[in-house]
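Since the structure comes first, as structure tokens, the remarks are kept for the end.
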Amino acid sequence: MQNLDSLLEIMALLRHPTKGCPWDLAQTYETIAPHTVEEAYEVANAIEQRDFENLKDELGDLLFQIIFYCQLSNENNGFEFADVVDAICNKMIRRHPNIFHKNDFQDAEETRNDLSWEEIKAQERKDKYRNSTPAREISVLDDIVWSLPSLSVALKLQRRASGIGFDWAEISPVLKKISEELCELEAEINSNVSEEKIEEEMGDLLFACSNLARHLNLNPEMALRKANKKFERRFRKVEKLTNNLRDEAKSNILDEMQTYWEQVKLEEKD
């Protein structure tokens, strides 16, 4: 059975200056990054499909991305894979003080640290930027990864703001906010003055919907992914039914498709 050392050796050989693979030798951090994002989504897709045999392969692909970055760094006298492992081990220990820093004669509840996970992360951000040059103000919104899907960014922004008290305690004002944003969007559409303003109001509505998902303890990105899959599944059925229509019936195709759409929805509920 192969082990992690084997994978490290394979990666080193693929990047060997004279014996390596031309494609692998041509890669940089920037060219590999899109593949990393794709592999992460393929992992998520395998989980959604409950395809655990494929998940094993996809996790391997994602691990290979990590090994690739470590090889690139090592070639320039930077960090190695062992340094990455060391960093994540230290981070997990630091963020779980109730587990790793407790007295052996006390249970976890008695030694529970007052700092939450998010509070520990906030302190880490402060420590990171305290001695930065030039000096900069520290914000709870520091280190948001803007390359994430926009719904995920919205969720992170809202969680960070909530962490220092900028949040509604109940769900009713969250629902009211969505209604307000929908009305504002409708008003801009009806005025037909500015496409830019319509886009802005559309963004506000999506942001408010993300906040509702957070208050319901849902991930808006995952909720939308499931909605996308549901639409695909239903539309494929509608498409198949529509293809069986006689040519004369296709002149009224929208009405027919809407009828089939409702039919498919009812069939799925039965």
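The values are calculated or read from the model by the stated rules, or taken from the named source; none is laboratory data. Quick caveat: nothing in here was measured; it's all calculated off a predicted structure. Note that each Cβ is placed from the backbone with ideal geometry, even for glycine, and that neighbours are counted across all protein chains shown.
Which of the residues spanning segment 58-82 are polar (S, T, N, Q) and either farther than 10 Å from Met11 by Cβ or not assigned by TED's automatic domain parsing to the domain that holds Leu8 (or both)?
Here is the first cut: in segment 58-82, the residues polar (S, T, N, Q) are 65, 71, 73-74, 76-77.
Correct list: Gln65, Ser73, Asn76, Asn77.
How many residues does segment 220-239 hold that are surrounded by fewer than 13 Cβ atoms within 10 Å (Cβ to Cβ) and among the aromatic types (Phe, Trp, Tyr)? Explain how you work it out, then say what you get.
Step one: filter segment 220-239 for residues surrounded by fewer than 13 Cβ atoms within 10 Å (Cβ to Cβ), giving 226-228, 230-233, 236, 239.
So of that shortlist, the ones also among the aromatic types (Phe, Trp, Tyr) come out as 231.
The total comes to 1.
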Looking at Glu199, is it charged (D, E, K, R), on the phi < 0 side of the Ramachandran plot and either free of Cβ contacts under 8 Å to residues at least 12 places away in the same chain or in contact with a strand residue (DSSP E or B) (Cβ under 7 Å, 6 or more places away or on another chain) (or both)?
yes
Would segment 245-266 turn up any residue that is surrounded by 11 or more Cβ atoms within 10 Å (Cβ to Cβ), part of a helix (DSSP H, G or I) and of a type in the set (Phe, Trp, Tyr)?
yes
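Quick grid of which residues meet (1) assigned to a helix (DSSP H, G or I); (2) modelled with pLDDT under 95; (3) over 30 Å from Arg225 (Cα atoms); (4) among the aliphatic types (A, V, I, L, M):
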| position | (1), (2), (3), (4) |
| --- | --- |
| Asp5 | yes, yes, yes, no |
| Ala12 | yes, no, yes, yes |
| Leu25 | yes, no, yes, yes |
| Val37 | yes, yes, no, yes |
| Val43 | yes, yes, no, yes |
| Ala46 | yes, yes, no, yes |
Which residue is farthest from Ser73 (Cα to Cα), if the candidates are limited to segment 1-59 and must be under 30 Å from the mean Cα position of the chain (by Cα) and among the polar types (S, T, N, Q)?
Gln49
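Counting only residues that are β-branched (Val, Ile, Thr) and in contact with a helix residue (DSSP H, G or I) (Cβ under 7 Å, 6 or more places away or on another chain), how many does segment 142-162 have?
So in segment 142-162, the residues β-branched (Val, Ile, Thr) come out as 144-145, 153.
Keeping just the survivors that are in contact with a helix residue (DSSP H, G or I) (Cβ under 7 Å, 6 or more places away or on another chain) gives 144.
Number satisfying all stated conditions: 1.
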I'd like the residue in segment 210-246 that is acidic (Asp, Glu) and over 14 Å from the mean Cα position of the chain (by Cα) and, out of all such residues, is farthest from Asn45 (Cα to Cα).
Glu239
